[in-house]
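A quick write-up on the structure given underneath.
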Amino acid sequence: MSSLIEIDSHDSLTGLLNRAGFHECSRKIMISGESGLSVVWFNLDNFKMFNKRFGFDKGDELLKEIALILNVIFSPEKYACNLTARFSDDNFVILTNWSSVEMDIDTVQEYLYSLHENVTLRLRAGIYFPSNDEDIRTSCDRAKLACDNIKKNHSVSSCMFHDDMSRDIALQQHILDSLDNAINNGHISVLYQPIIRVSTGKICEAEALARWNDPELGIISPAKFIPTLEKYREIHKLDVFAMKRVCVDYRKRSESDMPLLPVSVNISRLDFELCDIISEIENSISLNNIPREMMKIEITESVNDEDMTVLTLGIEKFRAMGYEVWMDDFGSGYSSLNVLKDYNFDTIKFDMKFLHGFNVHKSEKAKYIISSNLEMARLMGMQALAEGVETEEQFEYLRSIGFDKAQGYYFGKPMELDEIFSLKRGIETL
């Protein structure tokens, strides 16, 4: 294989092929008609944390160890087509025969465990099977997509590419390309979901929720567009738009002497980095003559934030100015308890997804988890709101253990603000 390699096609740290060298060598192998090929994209989890803990010299040593392991397991002596490359940082790419690729990936992980028994190291792997006439860059991109697909799934070490991944990427690109136009042309709207005072059964607040009706694709789920906008750091545009829309809706009702409700608005942790979110909110409520106590600030748990300082200062500034700050989706992420330890919230919104299929006779563990977390919130001086309530049985149980508020389809789907005031439950007097 050495005759295929250009002089400048090696990675200086590991001695493996670099990106350019891999592309050239792979292209020639694929053109030659070699069959049964697979491309594997490896990524080392938490390599930045490893560097912070042990230093960059140890990080370089680890990369060289991984390169040696890959060279041994994917040696050309096993398959003549085998190529091993380091593309960048902790990203390695392999061209190999498909017949034993999954077994070889497992062997790589076993070697890595044996070399570092006291440190948890995990190589994720994405696998793609290219055709002979396919561009190698496309093959590498698809292997990377498969690798990224299991980024948050710590129970799976490898993943094979499938067509849905390409569709997901196309949707993400459409979301990013269309966001500004969707905001400016009314394709994104704001609806409101009622929040119930559990003790009285009356509506006490509402949550503002963004909805996207795209002229090409139809309804785009928030489960698709919100993570995409967070991933590509565009979420602040949506959050600021939704907040301003709430303020306008509030002003219209106020000017018409119509009943009002406090409304919670969602902001991402990233908003504190991407814009001056406090000034944006302050300016908008001042312009529309809205009291601060009428707007609640919900911050989701889902976005990991390595630097806590900006978020901590932001939360404390909001609270000092008279805003309530809520933690959204408690229980949906791995960092829930750390978040409660590190930040001060007025209300915790408990994710009730694990209550799906709730049965009073079969869900003792679920009930124990809920009641224990409720007690923890009480001890920390926070109110508790259960979201995702879908049945009367769930609601009655939450009432019996003393939840403050509840929200979900059992009480009403997201709707126009005016519709909330016509619901039969009635509105809590301000």
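Placing unit charges on the Cβ atoms of the charged side chains and taking the dipole of the chain about its Cα centre, the candidate lying farthest along the positive direction among ALA386, SER157, MET327 is ALA386.
Rounding to the nearest 20 debye, state how big the charge dipole of the stretch 146-204 is about its Cα centre with +1 on each Lys and Arg Cβ and -1 on each Asp and Glu Cβ.
Dipole of the stretch 146-204, to the nearest 20 debye: 520 debye.
For the ranges 151-157, 27-33, what's the packing order if you count other beta-carbon atoms within 10 Å of each residue, average per peptide, and put the highest first? Don't skip to the end; give the middle numbers.
Numbers: 151-157: 10.9, 27-33: 13.9.
Descending packing order for the listed peptides: 27-33, 151-157.
Express the relative contact order of the stretch 102-179 as a whole percentage, based on alpha carbon pairs under 8 Å and six or more residues apart in sequence. Display every interim value, and only then the final one.
Details: 68 pairs, mean separation 21.0, N = 78.
Once divided by the residue count of the stretch 102-179, the mean separation gives 27 percent.
Across GLU316, GLU216, GLU234, mean-square fluctuation computed from a Gaussian network of the chain (C-alpha pairs under 10 Å connected) peaks at GLU216. A Cβ-based charge dipole, computed about the Cα centre of the stretch 363-424 with Lys and Arg at +1 and Asp and Glu at -1, lands at about 240 debye.
About the Cα centre, and with charges only on the beta carbon of Lys, Arg (+1) and Asp, Glu (-1), how big is the dipole of the chain? Nearest 20 debye, please. Numbers along the way, then the final one.
Values: 47 positive and 68 negative charges, 170 e Å.
Dipole magnitude for the chain comes out near 820 debye.
Taking the accessible area of the stretch 150-232, probe 1.4 Å, and keeping the other protein chains in place, the carbon and sulfur fraction comes to 50%.
Between ARG27 and SER88, the FRET efficiency from the beta-carbon distance, with R0 = 25 Å, is close to 0.80.
Taking other residues whose beta carbon is less than 13 angstrom from the beta carbon of GLU428, and scoring Lys, Arg as +1 and Asp, Glu as -1, yields +2. Distance between the 7 Å Cα→Cβ label points at ARG53 and ASN184: 4.8 nm. For the chain, the residue among ALA170, SER264, SER114 whose Cα projects farthest onto the positive side of the dipole built from Cβ charges is SER264.
In this rough spin-label picture, where each label sits 7 Å from Cα along the Cβ direction, the SER12-MET103 distance is 4.0 nm. Helical content of the chain, expressed as a calculated mean residue ellipticity at 222 nm, amounts to -13500 deg cm²/dmol (DSSP H runs of 4 or more residues, -39,500 (n - 2.57) each, divided by residue number, nearest 500). Extension gain for ALA20 to ASN46 (0.36 nm times residue separation, less C-alpha to C-alpha distance): 6.8 nm. Only aspartates and glutamates eight or more places from LYS152 in sequence, or on another chain, were considered; those with a Cα closer than 13 Å are ASP45. For LYS52, a cut-off of 20 angstrom between C-alpha atoms picks up these aspartates and glutamates, skipping any fewer than 8 places away in its own chain: ASP60, GLU61, GLU65, ASP89, ASP90, GLU117, ASP305, GLU306, ASP307. Length gained on full extension, VAL310 to ASN213: 31.6 nm, using 0.36 nm per residue less the C-alpha separation. Remark on SER158: its backbone amide H falls under 5 Å from those of ALA125, a criterion applied only to residues 5 or more positions apart or on other chains, H modelled at 1.01 Å from N.
Across the stretch 46-180, the relative contact order, built from alpha-carbon pairs under 8 Å that are at least six residues apart, equals 15 percent. Given a Förster distance of 56 angstrom, what is the FRET efficiency for TYR113 paired with ASP257, based on the Cβ-Cβ distance and rounded to 0.05? So the FRET efficiency works out to roughly 0.25. Would you be so kind as to identify which of ASN283, ILE235, LEU123 lies farthest towards the positive end of the dipole of the chain, taking Lys and Arg as +1 and Asp and Glu as -1 on Cβ and the Cα centre as origin? About the Cα centre, the residue reaching furthest to the positive side is ASN283.
Nearest 0.05, what FRET efficiency do ASN71 and ARG378 give at R0 = 45 Å with Cβ-Cβ as r? Please report the intermediate quantities before stating the final value.
Values: r = 57 Å, r/R0 = 1.28.
It comes to 0.20.
Once both labels are positioned 7 Å from their Cα atoms along Cα-to-Cβ, the gap between ASN344 and ARG197 label points is 2.6 nm. For the pair the stretch 65-143 and the stretch 388-429, the centres of their Cα atoms are 52 angstrom apart.
In Å², what does the accessible area per residue of the stretch 174-319 work out to with a 1.4 Å probe?
Working: 6490 Å² over 146 residues.
Using a 1.4 Å probe on heavy atoms only, each residue of the stretch 174-319 averages 44 Å².
The relative contact order of the chain, computed from alpha carbon pairs under 8 Å that lie at least 6 residues apart in sequence, is 12 percent.
Roughly what % antiparallel, to the nearest 5, for the DSSP beta bridges in the chain? Walk me through the numbers on the way to the answer.
Working: 35 of 63 bridges.
Restricted to the chain, the bridges split so that about 55 percent are antiparallel.
Once a ≥ b ≥ c are taken as the square roots of the eigenvalues of the Cα gyration tensor of the stretch 100-184, is the result rounded (a/c under 1.5), prolate (a/b larger than b/c) or oblate (a/b not larger than b/c)? Oblate shape, in that a/c is at least 1.5 and b/c is the bigger or equal ratio.
The values are calculated or read from the model by the stated rules, or taken from the named source; none is laboratory data. Given the structure is predicted, the values throughout are model-derived calculations rather than measurements. Here Cβ is always computed from backbone atoms with ideal geometry, including for glycine, and neighbour counts include all displayed protein chains. The accessibility values were calculated without ligands, DNA or RNA, using every heavy atom of the protein model including side chains. Shrake-Rupley method; radii C 1.70, N 1.55, O 1.52, S 1.80 Å.
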